[in-house]
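Enquirer: Dumping the structure here so I can ask a few things about it.
The values are calculated or read from the model by the stated rules, or taken from the named source; none is laboratory data. Quick caveat: nothing in here was measured; it's all calculated off a predicted structure. A quick note on method: Cβ atoms are made from the backbone with ideal geometry, for glycine too, and the neighbour counts reach across all protein chains shown.
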Amino acid sequence: MTKSLIDSHAHLELEPLVQDSRGVLERATEAGIIAVITVGTHVSDAEKALEIADRFERVFVSIGVHPHNAKDVHEGTLAIMERLSRHPKVVAYGEIGLDFFRNLSPRSVQTTVFANQLELAKKISKTGCHSSSGRVRGRSEHA
Ligand SMILES: [Zn+2]
């Protein structure tokens, strides 16, 4: 039986992978991976992720604002994310959540941004893809 795997959490839009998207995907195929969901963690990364998805048939995208980037959310951010979510290759909303270990954004801001994004994900009917619950306990499992 041939394995058919989906990598549900990659960051093809980040360095160094973005420099070798084709090579990364070829090696993934050799390992039995039939599709990759790359996760844009703020607006510009989401846009880069969509550019990659447009180039490669087997790449899909999850978009969202990571808790580390919550401090950078402005009034129009969620509207941009909603617009990007209409792209046909966006299959999930995330990664979102809370990171009270590193606290790269203030906790109160993270909480507000997380709640607002949960509402947006519900509105646009995308499956949530969020940071592990371990983040809330203080561990970071971000890949
Ligand atoms: Zn990640």
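Enquirer: If we keep just the residues of the stretch 1-13 that are over 17 Å from the mean Cα position of the chain (by Cα) and part of a loop (DSSP other than H, G, I, E, B), which is surrounded by the fewest Cβ atoms within 10 Å (Cβ to Cβ)?
Expert: Selected residue: Met1.
Enquirer: Also, quick follow-up: Given the conditions (1) modelled with pLDDT of 95 or more; (2) closer than 19 Å to Val36 by Cα, and given that Val109 satisfies all but one, which numbered condition is not satisfied?
Expert: Unmet condition: (2).
Enquirer: Please go through the stretch 52-80 and give me each residue that is within 26 Å of Pro106 (Cα to Cα), away from the ligand (no atom under 16 Å from the Cβ) and at pLDDT 95 or above, ordered by number.
Expert: Lys71, Asp72, Val73, His74, Gly76, Thr77, Leu78, Ala79, Ile80
Enquirer: Here is a further query. What number goes with the only condition from (1) closer than 21 Å to Gly97 by Cα; (2) surrounded by fewer than 17 Cβ atoms within 10 Å (Cβ to Cβ) that Leu17 does not pass?
Expert: Checking Leu17 against (1) closer than 21 Å to Gly97 by Cα; (2) surrounded by fewer than 17 Cβ atoms within 10 Å (Cβ to Cβ), the one that fails is (1).
Enquirer: Another one. Look through the stretch 14-51, keep the residues that are within 11 Å of the ligand (Cβ to nearest atom) and assigned to a loop (DSSP other than H, G, I, E, B), and return whichever of them is nearest to Leu84 (Cα to Cα).
Expert: Thr41
Enquirer: Also, quick follow-up: Has the stretch 41-48 got any residue that is within 15 Å of the chain's Cα centre (by Cα), without any contact (Cβ under 8 Å) to a residue 12 or more places away in the chain and more than 24 Å from Leu5 (Cβ to Cβ)?
Expert: Yes, there is a match, as at least one residue in the stretch 41-48 is within 15 Å of the chain's Cα centre (by Cα), without any contact (Cβ under 8 Å) to a residue 12 or more places away in the chain and more than 24 Å from Leu5 (Cβ to Cβ).
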